[in-house]
1. Of the conditions (1) closer than 21 Å to residue 33 by Cβ; (2) surrounded by fewer than 19 Cβ atoms within 10 Å (Cβ to Cβ); (3) in contact (Cβ under 8 Å) with a residue 60 or more places away in the chain, residue 75 clears all except one; give me its number.
2. If you take the residues of the range 143-160 that are over 16 Å from residue 111 (Cβ atoms) and part of a helix (DSSP H, G or I), which of them is modelled with the highest pLDDT?
3. Looking at the range 188-234 only, could you name the residues that are at pLDDT below 95, closer than 16 Å to residue 88 by Cβ and part of a loop (DSSP other than H, G, I, E, B)?
4. For the range 1-33, which positions are in contact with a strand residue (DSSP E or B) (Cβ under 7 Å, 6 or more places away or on another chain) and within 15 Å of residue 78 (Cα to Cα)?
5. Output the number of the condition that residue 54 fails; it satisfies all remaining conditions of (1) in contact with a strand residue (DSSP E or B) (Cβ under 6 Å, 6 or more places away or on another chain); (2) touching a residue at least 40 places away in the same chain (Cβ under 8 Å); (3) buried (at least 21 other Cβ atoms within 10 Å of the Cβ).
6. So which residues in the range 9-22 are assigned to a helix (DSSP H, G or I) and either over 23 Å from residue 128 (Cα atoms) or under 11 Å from the mean Cα position of the chain (by Cα) (or both), if there are any at all?
């Protein structure tokens with residue numbers, strides 16, 4: 001990989017969509033900065049990148065904390081010299097009715113899924129604007145477009161990501177920076193398994209499918225107007241037959257029904 005390789009920062013890079021995206025981008029010649037709260041998964045991904053001849057930094061970072069985000073960007077510039085791409089993938093989710101969602105759970109999802117995107121965008125834009133170019137991809141969700149019972153905090157955070165993406169795209173377009181939101185449907189990740197269980201999660205898309213789409217957006221191979229939100233969902237046959245997604249939705253609806261609070265006014 002040449003000294004002038006473009007640099008991509010990926011948050012939530014230790015597992016799932018973030019891991020798959022980091023490996024895909026490294027395979028396309030990008031140097032990658034791997035960010036997440038847990039060091040061990042980041043180091044494992046760094047080893048994989050290095051084994052395929054790429055360059056990677058493992059930077060433990062809590063995207064909820066401004067000082068940590070700013071320090072991460074400084075480390076990227078100090079070690080790799082530039083910042084061309086930001087993929088905001090870090091996220092958390094808990095499936096609970098609103099009446100069972102305490103402020104701490106609400107605040108954690110909003111802080112990680114939305115505030116974290118804002119903080120990373122803010123620091124990256126400051127660098128990209130000076131370079132007169134860059135690409136930001138914010139990972140939202142199909143639940144950022146349609147609300148689902150028992151996911152109020154998660155839906156609120158992911159709806160917010162789309163709004164932030166659209167507003168930021170208008171602001172930074174004069175600086176040559178493109179901003180997009182990617183909205184995956186059910187994907188077989190640790191986060192999804194923690195909500196619906198292993199059996200249902202396996203019916204979702206592999207994270208590599210989402211990663212391929214992200215890479216297409218980053219490289220410009222997938223042509224979209226800046227500010228656009230791109231849905232990736234099995235229901236449009238991007239992966240597997242439509243009937244498979246129908247079965248998944250039926251089973252998820254059954255799971256949600258079983259976990260609704262009893263009684264009411």
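1. (3)
2. Kept after step one, since they are over 16 Å from residue 111 (Cβ atoms), are these residues of the range 143-160: 143-151.
Still in the list and also part of a helix (DSSP H, G or I): 143-144.
Numbers: 143: 91, 144: 95.
Checked the range 143-160; the qualifying residue modelled with the highest pLDDT is 144.
3. 189, the sole residue that qualifies.
4. If the condition is that a residue be in contact with a strand residue (DSSP E or B) (Cβ under 7 Å, 6 or more places away or on another chain) and within 15 Å of residue 78 (Cα to Cα), then 5, 6, 7, 8, 9, 31, 32, 33 are the ones that fit.
5. (1)
6. Going through the range 9-22, the residues assigned to a helix (DSSP H, G or I) turn out to be 16-22.
Result: 16, 17, 18, 19, 20, 21.
The values are calculated or read from the model by the stated rules, or taken from the named source; none is laboratory data. All values reported here derive from a predicted model rather than from experimental measurement. All Cβ positions, even for glycine, are placed from backbone atoms using ideal geometry, and neighbour counts span all protein chains on display.
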